[in-house]
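The values are calculated or read from the model by the stated rules, or taken from the named source; none is laboratory data. This structure is a prediction, so every number in the text was calculated from the model and none was measured. Areas reflect the complete protein model, heavy atoms only, side chains present, ligands, DNA and RNA absent. Shrake-Rupley method; radii C 1.70, N 1.55, O 1.52, S 1.80 Å.
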Amino acid sequence: LFFSVSGGLLGLAHVIGATPFSTADGLSFRDIVLFCMYADFLLALTCLLGPLCGDPGTLKRSEESCFPLPQSVVKRIEANRAKSKPSESPLDGLPNINAKSGNYTFCIRCCIWRPMDSNIHHCSVCQRCIRRHDHHCCVFGRCIAGRTMEGSMRWYVGIWLCLGLGFVLFFMALFAAA
């Protein structure tokens, strides 16, 4: 939708004043506005690619963040190994485990210790713990997380700013063509 609107406005503004970019007198107001519209389009494209390439705030797995395993997890895994037909997910049904010392909880689904006081949520689609999780986006196929200018929210703020700037530049191009 955004590309349709942005590309349509860009093409329409370019068609309205179909003269070369520069004249003998230098760049005209219309040429500068069109250059800004192209720059706005490239910035919007960057903002749309940002969530696809960036990290929304995933908690990384490491030895420090995964170990030591809680006793109930170890018992469940060992009991599963002893079965003649082991289950693929032996930890199903086990609730998250709070640490006896410290402010941590063990996420059973991704097997990681995470801080209790921070806003961390386990995404059931991505199967990862995400800091400041907002939602899982079906369009991008990624988690959207963060607030204002952190995580992947900075890209969405940028998209809205580019859309607003695109409309302003479009009307400036209309004014310049008149």
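Please work out the Cα center distance from region 85-158 to region 66-84, rounded to the nearest Å.
22 Å
Quantify, in whole percent, the carbon and sulfur part of the accessible surface of region 59-159 (1.4 Å probe; protein heavy atoms only).
Roughly 54 percent of what the probe reaches on region 59-159 is carbon or sulfur.
Arrange the residues TYR104, TYR156, TYR38 by how much accessible surface each exposes, largest first, with a 1.4 angstrom probe.
Result of the area sort, largest leading: TYR104, TYR38, TYR156.
With all protein chains present and a 1.4 Å probe, how do LEU59, LEU34, LEU174, LEU165 order by accessible area, largest first?
Highest to lowest solvent-accessible surface, that is LEU165, LEU174, LEU59, LEU34.
Quick one: accessible surface of PHE140, probe radius 1.4 Å, all protein chains present, in square angstrom to the nearest 10.
For PHE140, the solvent-accessible surface is approximately 50 Å².
What ³J(HN,Hα) values, in whole Hz, does the Karplus curve 6.51 cos²θ - 1.76 cosθ + 1.60 give for region 106-116 when θ = phi - 60°, with x put for Gly and Pro?
Listing the rounded values in order: 9, 7, 5, 6, 10, 6, 9, 7, 10, x, 6 Hz.
To the nearest 10 square angstrom, what accessible area does MET172 show with a 1.4 Å probe?
70 Å²
What order do GLU88, GLU63 take when sorted by accessible area (1.4 Å probe), most exposed first?
GLU88, GLU63
Expressed in nm², what is the orientationally averaged projection area of the convex hull enclosing the Cα positions of region 22-74?
With the hull built on Cα positions only, its mean projection is 6.3 nm².
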